[in-house]
1. Every residue in the stretch 60-91 that is without any contact (Cβ under 8 Å) to a residue 40 or more places away in the chain and under 13 Å from residue 45 (Cβ atoms), please.
2. I'd like to check something: does the stretch 27-40 contain any residue that is out of contact with any strand residue (DSSP E or B) (no Cβ under 8 Å at 6 or more places or on another chain), in a strand (DSSP E or B) and not polar (S, T, N, Q)?
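Nothing in this text is a laboratory measurement; each read-out follows from the coordinates by a stated rule. These numbers were taken from a predicted model, which means no experiment stands behind them. Reconstructed Cβ throughout: ideal geometry from the backbone, glycine too, with neighbour counts over all protein chains shown.
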Amino acid sequence: MAGVIAAGLVALTPSAAMAGPATEGQPGTSAACRSHGHSAKDPFNDGYPSKSSVPVRAEGPYAGCTIDGYIDSSTRLHYHCYVRNDSGNTWTWVRVVGQDIAGWVWDSNLKYNGSAVRC
């Protein structure tokens, strides 16, 4: 999948231990951790993480899915669209503005609660 989390993304985090899956809603199952459809429907491109060291997942959208990297609170994001998972939590597909780094972020970890446009 082109445009998904770059290895250098992890370098943006001060501490990977600061935000674990247990803080993000209910854990997912391996069957739920898969690629979900998304597109750049939302024109909003001035989003930011709501705290430091926010996990991003290429597959999801569940807290139990593999964390591919972390983004810092100063990272400007384009919100593409959101989905609601089986646990009732909403997740937004984000892309770092000006870069080819993207993935799912739990909406509670995003300013303005993530995208307002459903995928």
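1. Within the stretch 60-91, 76, 77, 78, 79 qualify.
2. Within the stretch 27-40, one or more residues are out of contact with any strand residue (DSSP E or B) (no Cβ under 8 Å at 6 or more places or on another chain), in a strand (DSSP E or B) and not polar (S, T, N, Q).
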